[in-house]
Structures are given as C-alpha cells and as structure tokens.
Amino acid sequence: MITVKDNIFYLTTKDTSYWFQITKYGHLEQVYYGPYLREQSIEGLRFKRTATIGSSIAYDQEDVSYCLDNLPLEWSGIGYGDYRFSPSEIKMPDQCFANDFIYVSHEIVAGHIPIEGLPHAYDDSCLEGEACLEGEAHLKGNSWLRERVLEKEEKKATACETLKILLSDEAKKVYLYLFYTVYPKVNVITRRTRIENHHKEPLVLRKFLSMMLDLPNRNFKMITFDGGWIKEANRHDRKITYGMHTNFSTTGASSNRHNPGFLMAEEQATQHKGWVYGFNLIYSGNHFGGIELSGHDLTRVVLGINPHCFEWELKKGEAFDAPEAVLTFSDKGFNGVSHHFHDFINEHIVRGDWKGRQRPVLLNNWEAHFFKFNQSKLLHLAKQGKDLGVELFVLDDGWFGERNSDTAGLGDYHVNKKKLPSGLKGFADKIREIGLEFGLWFEPEMVNEDSELFRKHPEYAIRIPGRRNTLGRNQLVLDLCNSKVQDYIIESVGRILDEAKVSYVKWDMNRHISDAFSPTLTNQGEFYHRYILGLYRVLEEIFTKRPHILLESCSSGGNRFDLGMLCYSPQVWSSDDTDPIERLRIQGGLSYLYPPSTMGAHVSSAPHQQTLRETPLSTRFNVSCFGNLGYELDLKYLTRLEKQEIKEQIAFYKKHRQLLQYGRFSRIESLKENKVLWQTVNREQTKAISGFFQTLTTASEGYDVLKVFDLKKEVMYQITTKQQNLYIKRFGGLVKHILPVELDPNGLILRTANKVHKLDDCVESYQGDGALLEAGIRLNNQFMGSHYNPETRLLGDFGSNLYVIEVVEEKEEEK
Ligand code: DGJ
C-alpha cells in the first residue's frame, strides 16, 4: 500500500514499512525502512539536524545545517556537497558533472509499470475481467460467488501499486523518474530509475544505477554469494567498516564470481532472528552493488548496472531505463529474507505455463557421454531412465554439426546424422515412444571458429578490428548487439524446437565476454548493456511464442543465475558441480536469494568427476531433492541395488515433489560446523521434510539434535527417517567382524556381495508436537567403531538422512 501525507511517502507491506519525505529543498530524505510501524511514530524517527557538522558544505546559506553529506537520502547527485558514493555520473548538457535532482511531482498507479526491453517483476492479480466474473458468479450459485468475492477482495488488498516520482535538474531540462512498486504480500519493494533528456544538447551517462538507499548503521555486515566455476554462490560475510564494500561483475554476465543478490544484516543476525535487508537486481549483465559506511553512521546501499566500460549518450527526447532492483527486509533473520525472496520469485518473476508448476524429473546425458554417443547409446540410457521413473530425457551438447569436442561445430545447429541417423525429429519421436518428454541443449550465443557458421559469417562474432582476439573454451561470442545475429538465432533455434517438438531447452553460455566491440554501435560504451538487451529480445521472441517449453538457463553451471534470466527460464542449472558436499554450499548459498523451484540439482556418479569425492548415493539424492531433481550419470554402470535405490528415490521425490519444489525452504542453524540442516514445510503446515547432512565426521560424534521449525506448536506430528540403503563397502575391512568367516575386504566375494546385498540404514520414528520439534529431537547415536547395530546412524564422512514429518490425523473416536 502506498499513501502520501504531509510530504511523506508511506510504503507499506504486510510486515514492513518504508518511509521517506520531501525536504524543504525538494530532496527525498529516507526516514525509515524496517519492521512494520504505525504512522504516528514518525516524529521520533526523523533524523535531527540540531548542530552543523564541521567539514560540511551547506546546501544553502539560509540553513547551514542542511548538508547533503549528512542526510539519509533516496537519491543523490554530484556537486552540491554529498561526497559519498553517487548512484549516477552524468555529463550534463552544459558539460559539467554536477546534478541536483529536485522533486517535481508524483503519481500512484495500480499494478506494475513494464520497462520496455528489460525483464521486470509483474503482478497477475490484476483486476481485469471483474465484470464478467460477477456475471458468471450468478450462474454458479451463491457459495461460489461468495468465494470469488472474497478472493477478489483479497487480491485488491494484496495487489501491487507503483509510486512514480518525477525529479528534475530544472536548469538543465533533465528529468529523473524514481519508481517504487510495492508487493505487499511478499514484503518486497522494487525500485528503478529512468532518465529523460529534454535539453537540446546531449548528455552522457557514465554511471546510472537503479537505486540508492541510506540507512542508519546497526553494526551491519555485507553477505555476498561468490565463487567461480564449480564453486558458485558460496556465502561470504564482511563487516561493514568505513568506506565502500562492493559486489560486482565485469564478465558481461551476472557471473559466477559474485551473484548480483546480496544481504545486509546486523552482526548478530542468525538464520531465524535479527534484522536483515536483502537486495537483488533483475538483470543478467554486469552489475554493481555496494555498501558504504559514512563518518556519520549512515550506510548507503547502491545497486544497478556496473559503470565499468559503460557510457550512454542521450540526445534530446531520448531516455534510459535502468533495470529493476528488488528490496526486502525481515527481522526474522536470514530465513525471513529468503522467504520473501522465494515468494516474490515464484509469484512475481517466474511467468508463463511453468509458473508454480511441478518440474519433471530429468535424465541428462552429458556426464554419461560428453561428446561420445550415438543413437543406440542414447536410447539405451533413456530406456533405463524410464524404468527408474524419469520423465524427461535431455540430449546435451554434441548432437549437431561436427561437434565432437569443444573445439568445433558450435553454431551449426543441424543434426549430426552419424550420431543420430533418424534425424533429430526421428530421434525425439523415439524418445517419446519410450514414454519420455524430449529436451535439447543449445549454446546459441556462441560460435567455434571451426564451424560453418563462422566460415560463412565471421562478422557475427565479437572481435575488435585490428586487434588479436581471445578465446574461451575454444569459442567466440556472437554479437548480440547486432539485430541480424539476433534474428538468425531466433529463426534457427525456433525452427528446430518446432520440428523436433522439443518440450525442454537447456540454454547454455560457456564463456565470459572479452574483446567487447560491435561494429553496429557508434558508442562502444553501450556494448555490454546492448548485448543483454539483445539476449532478452531473443529469449522473448523464442519462448513467449512457445510457452509450453520449459527453459533451463545455464552458463557453465551458475554463471548467470539471476532474476533477469528467471523472467524467461523458470529454472537455472545451479552448477556443473554435482558433488553433494559442494552443493550444500552452492544450493545453500543460492537459497538465500532463490527458491528451490529455480535450482537444477542432479545426482551424478561417485567418485565425483571434479572433486574425486566418494559420497553415498543417498546423500547425492538427499541434497538434489531440495531442488529440481535430475540424474546425470551412465546408468548402465550401476548395480541392481543402486538402480533399485534410484527408483525408490524418484518415487519418493514424485510423492513429495510439491513440497520439495514449492515448500517453505529454510536453513537451520547448526551448532556444529560439520553439520548442515535444511528443511521445507508445506503452506498448510501439515507436512515437512528435513535434511540432516554431515560433511566431515569427527571421532566419537556427540548427540545430534534435529530441529524442525515453522510447524504448528500445538499440533502432533509423526517424524520418520526416510529409508535408504547402506552398502557393505562402506564398512571396508570392518566387515570381517560381523561375518562368520574372514573375507578379503577388497576381494571378489565382498565386491560381488556389495552389488547384491545391502543393509538398511537406521530408521527412527517419533511423535511430537510442533513445539517439541522446534526444541529438537535427540537422534540415535552415530556409529563410532564400538559396534554396529541397525539402531545406530551410520553417517561417517558425507552421510545424511532425510526425515519426513507429517501431521498425525486424529482418530474419529478421539475427536
Ligand atoms: C556446460 C554445462 O554447464 C554442462 O552441463 C554441459 O551442458 C556442457 N556445458 C556442455 O558443453
């Protein structure tokens, strides 16, 4: 809800308040952003100016205490005394860098305001078609009408609203718009900016961010999600001290180095308690986020397009829109903020046919085959997958042109008949005959020099004239600033999708941008942003026309995991790293910003191809099931027991899929460093699944406690360990102690026995109400070498268990 009284803007969500006011000089002064407050509180909250602060520039000699440097602001310019990090750097029409944007007017409109060419959040609880709804209601009788009217009222109360404020640097005829869209139900406010030049002389943007926000410091730390290939989104905490703390990307994509989303939390915040602010950007290119602490205890948060190599000229009548930034706050710790982000993404970012829809269990052939496959290998793999319960078969890289390694063929999307003699459509039909949906890999933004496309159209690739060019994974980037290249991709990819009736696409992008240059641009400062605008146009054209296709975006794993891509692709391949212990950090890190329904998570073989870590099959599943489950390994090398276990895993996943993909996901604080606890609870609070993961074991592990949050305190629940296999080989030489005869632990008999014989891992079962579950259940002892029995939990290194929690139905006679 947005209201305005006495020059104060009150932006209200279900649990938060965001207030700012127009100062006597027309600047927008931030007043408060935090837990919901009633409006009467405003006086006490206002920042006081009873003394002048030395070394300050007075904005106006009439009031020397009014110094922009010391005010908490919603936007700040340059040249009038604010020396903190500025959200813009503009060479104004009069050639100076000074700018001072002053309030002119505002309007409040229902719903969101789309941004041309850029993805943005949306609200489909719009009130169109209301009249016909009521007409129909009469036909359907009163109870239906009552329900719909209530539904409509709720929609009205929770629908988003937008505040559009016009500011002007009056003397220079340059207008700045600040947009605030309030999504009340999910506790999110989005912000963005637009600049228009109405001056006869051009202006040049060298930096133009999406938002700026000044908040009083509370001993904050900045939490970022960083890494690189196969180690994306690991959480890092930095204390905010004086000066600037940044989080940015220069690779041309949002990058695996630093996800655009970051948090600002008071130092003592935990997963469940404390003040946490969350920020993210609906953008897939170079981003820049920062937090600066000033000498007067104000923290300035900025976020937007990275000014790195950015320059944009606006002639008279032209405008520039910055991408939309997403803000949220919770006093319920990190999980509080994550829940807001999760709901926001599921409701207001992901769109189309796959919004809120259960995602299929897929089998991807990449890690099974890499480039070495033929039709019979693929069909054999697909059939085995079908037997285990898989629903979608994904043919990854290597199906086209001369793509037999990563050195050739990229760009030539015509089927390789040596590998697939029945053609792509023929092959896809065979997959469908098996009873699976068919999905296909592309890397449409790239080209190998050794390809027909490059030989025919070398000008499609990005290179700087007169300079040597650089390759990444032996490939060049196509010039998506060029509309001819965009059209080529739209046509060639679209044609294949229709011909083969593809129902899922993995859209890959495997290198960072270098040699940035497009002959289509007169100003190369526009390159990075134009590339992303080109990409968005391509995605829009291909996929909005084919809404039945489930798009999974990928960039060597999670190199482009961002809200911009999520507006087109409901899920993203989180990482090329499928080692479950690494995934605890990767999926765990991503979960601060993105819900499980957005994360591709696959079970692969062990020892793991990148880390060589040997992990139990159960743990590989237990981690992957907190995302969109897939399998990515050569099934023919699995034992009968392992196949049986996978079949059970898939059946379990399908049974609980709604909960695992769309439940309320939380990270549970663990007292010990070698434990990770995750949980997900359904909306009705009748069902939950908890994951208990042990990274490295320690000798003689103490008592483990399983805490489950967010259930109803007074309701009784049954909690039971999910049954899983325990393979004899985990015991190594110890087996001789439990067998009547002594056998060589590495010998043939035991290796064979391991394939056909397994033990059941410890299963525990308890009843308790939600309050007890929150206090924690003390689990059985872990195995510690003293002896083994089926009541002992055998975790060791990398062991884990899932616990299923379900409400205990009251028996009729007890009611
Ligand atoms: C990188 C992706 O992340 C992998 O999953 C796979 O699709 C390869 N590219 C194929 O080249």
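The values are calculated or read from the model by the stated rules, or taken from the named source; none is laboratory data. Computed from a prediction, not measured in an experiment: that's the story for all the values here. Cβ: placed from backbone, ideal geometry, glycine included. Neighbour counts: every protein chain shown. Each accessible area value is taken on the protein alone, full model and side chains, heavy atoms only, with ligands, DNA and RNA left out. Shrake-Rupley method; radii C 1.70, N 1.55, O 1.52, S 1.80 Å.
Taken as a whole, the structure places residue 521 among residues that are open to solvent by 10 Å² or more (accessible area, probe 1.4 Å), farther than 25 Å from residue 396 by Cβ, modelled with pLDDT of 95 or more and more than 14 Å from the ligand (Cβ to nearest atom).
Between 107, 89, the distinction of being open to solvent by 30 Å² or more (accessible area, probe 1.4 Å) and farther than 30 Å from residue 247 by Cβ belongs to 107 only. The residues of the range 6-20 that are without any contact (Cβ under 8 Å) to a residue 24 or more places away in the chain and in contact with a strand residue (DSSP E or B) (Cβ under 7 Å, 6 or more places away or on another chain), listed by number, are 7, 17. One residue stands out in the range 425-462 among those that are within 16 Å of the ligand (Cβ to nearest atom) and not in a strand (DSSP E or B): the one that is nearest to residue 518 (Cα to Cα), namely 445.
All but one of (1) more than 16 Å from the ligand (Cβ to nearest atom); (2) in contact (Cβ under 8 Å) with a residue 60 or more places away in the chain; (3) open to solvent by less than 20 Å² (accessible area, probe 1.4 Å); (4) under 25 Å from the mean Cα position of the chain (by Cα) hold for residue 573; state the number of the condition that does not hold. Tallying (1) more than 16 Å from the ligand (Cβ to nearest atom); (2) in contact (Cβ under 8 Å) with a residue 60 or more places away in the chain; (3) open to solvent by less than 20 Å² (accessible area, probe 1.4 Å); (4) under 25 Å from the mean Cα position of the chain (by Cα), residue 573 fails exactly one: (1). Test residue 604 against the criterion of being of a type outside the set (Phe, Trp, Tyr), open to solvent by less than 10 Å² (accessible area, probe 1.4 Å), at pLDDT 95 or above and over 15 Å from the mean Cα position of the chain (by Cα), and give yes or no. Yes, satisfied. Taken as a whole, the condition of being over 33 Å from the mean Cα position of the chain (by Cα) and within 24 Å of residue 617 (Cβ to Cβ) applies to residue 730. Going by what's in this entry, would residue 445 be described as more than 21 Å from residue 634 (Cα to Cα) and open to solvent by 50 Å² or more (accessible area, probe 1.4 Å)? It is false that residue 445 is more than 21 Å from residue 634 (Cα to Cα) and open to solvent by 50 Å² or more (accessible area, probe 1.4 Å). Counting only strands (runs of 3 or more DSSP E) that fall entirely inside the range 180-228 and contain at least 3 residues that are aromatic (Phe, Trp, Tyr) and within 27 Å of the chain's Cα centre (by Cα), no element qualifies. Considering 439, 466, the condition of being out of contact with any Ser or Thr (no Cβ under 9 Å at 6 or more places or on another chain) and among the small types (Gly, Ala, Ser) is satisfied by 466 alone.
Applying a threshold of 7 Å to beta carbon distances and a minimum spacing of six or more residues, or different chains, the list of pairs starting in the range 736-762 at a residue that is closer than 22 Å to residue 799 by Cβ and among the polar types (S, T, N, Q) and ending at one that is open to solvent by less than 90 Å² (accessible area, probe 1.4 Å) and not in a helix (DSSP H, G or I) reads 754/727. Taking the criterion of being within 36 Å of the chain's Cα centre (by Cα), buried (at least 20 other Cβ atoms within 10 Å of the Cβ) and assigned to a loop (DSSP other than H, G, I, E, B), the residues of the range 64-84 that qualify are 71, 72, 74, 75, 76, 77, 82, 84.
If a residue has to be among the aliphatic types (A, V, I, L, M) and surrounded by 14 or more Cβ atoms within 10 Å (Cβ to Cβ) to count, how many in the range 694-710 make the cut?
Looking only at that region, the number is 3.
Residue-wise test of (1) within 21 Å of residue 717 (Cβ to Cβ); (2) open to solvent by 10 Å² or more (accessible area, probe 1.4 Å).
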site: 628; (1), (2): no, no
site: 641; (1), (2): no, yes
site: 646; (1), (2): no, no
site: 665; (1), (2): yes, no
site: 671; (1), (2): no, yes
site: 676; (1), (2): no, yes
site: 681; (1), (2): yes, no
site: 692; (1), (2): yes, no
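Considering only residues in the range 464-489 that are among the charged types (D, E, K, R) and in a loop (DSSP other than H, G, I, E, B), the one that is most open to solvent (accessible area, probe 1.4 Å) turns out to be 468.
Yes/no per residue for (1) open to solvent by 40 Å² or more (accessible area, probe 1.4 Å); (2) under 23 Å from residue 290 (Cα atoms); (3) out of contact with any Gly (no Cβ under 8 Å at 6 or more places or on another chain); (4) at pLDDT 95 or above:
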position	(1), (2), (3), (4)
20	no, yes, yes, yes
27	no, yes, yes, yes
31	no, yes, yes, yes
38	yes, no, yes, no
45	yes, no, yes, no
100	no, yes, no, yes
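State yes or no: is residue 253 assigned to a strand (DSSP E or B) and surrounded by 19 or more Cβ atoms within 10 Å (Cβ to Cβ)? Here the answer is no, as residue 253 does not meet what is asked. Go through (1) crowded, with 18+ Cβ neighbours inside 10 Å; (2) within 16 Å of the ligand (Cβ to nearest atom); (3) of a type outside the set (Asp, Glu) and name the single condition residue 337 misses. All conditions are met except number (2).
Is it the case, given these coordinates, that residue 236 is in the same structural domain as residue 111 (by TED's automatic domain parsing), open to solvent by 50 Å² or more (accessible area, probe 1.4 Å), modelled with pLDDT of 95 or more and in contact with a strand residue (DSSP E or B) (Cβ under 9 Å, 6 or more places away or on another chain)? Yes.
There is at least one residue in the range 546-568 that is open to solvent by 10 Å² or more (accessible area, probe 1.4 Å) and either of a type in the set (Lys, Arg) or assigned to a helix (DSSP H, G or I) (or both). Taken together, the residues in the range 711-751 that are part of a helix (DSSP H, G or I) and open to solvent by less than 70 Å² (accessible area, probe 1.4 Å) amount to 6. Among the residues making up the range 367-391, those that are within 16 Å of the ligand (Cβ to nearest atom), touching a residue at least 60 places away in the same chain (Cβ under 8 Å) and surrounded by fewer than 21 Cβ atoms within 10 Å (Cβ to Cβ) are 367, 369.
Residues are listed down the side, and each one gets a yes or a no for (1) more than 20 Å from residue 233 (Cα to Cα); (2) outside the structural domain of residue 806 (by TED's automatic domain parsing); (3) without any contact (Cβ under 8 Å) to a residue 24 or more places away in the chain:
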site: 580; (1), (2), (3): no, yes, no
site: 587; (1), (2), (3): no, yes, no
site: 601; (1), (2), (3): no, yes, no
site: 610; (1), (2), (3): no, yes, no
site: 623; (1), (2), (3): no, yes, no
site: 638; (1), (2), (3): yes, yes, yes
site: 652; (1), (2), (3): yes, yes, no
site: 657; (1), (2), (3): yes, yes, no
site: 665; (1), (2), (3): no, yes, no
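The helices (runs of 4 or more DSSP H) falling completely within the range 288-400 that include 1 or more residues that are assigned by TED's automatic domain parsing to the domain that holds residue 179 map to 333-348. Could you go through the range 298-311 and let me know if any residue there is in contact with a His (Cβ under 7 Å, 6 or more places away or on another chain), buried (at least 19 other Cβ atoms within 10 Å of the Cβ), within 30 Å of residue 610 (Cβ to Cβ) and in contact (Cβ under 8 Å) with a residue 40 or more places away in the chain. Taking every residue of the range 298-311 in turn, at least one turns out to be in contact with a His (Cβ under 7 Å, 6 or more places away or on another chain), buried (at least 19 other Cβ atoms within 10 Å of the Cβ), within 30 Å of residue 610 (Cβ to Cβ) and in contact (Cβ under 8 Å) with a residue 40 or more places away in the chain.
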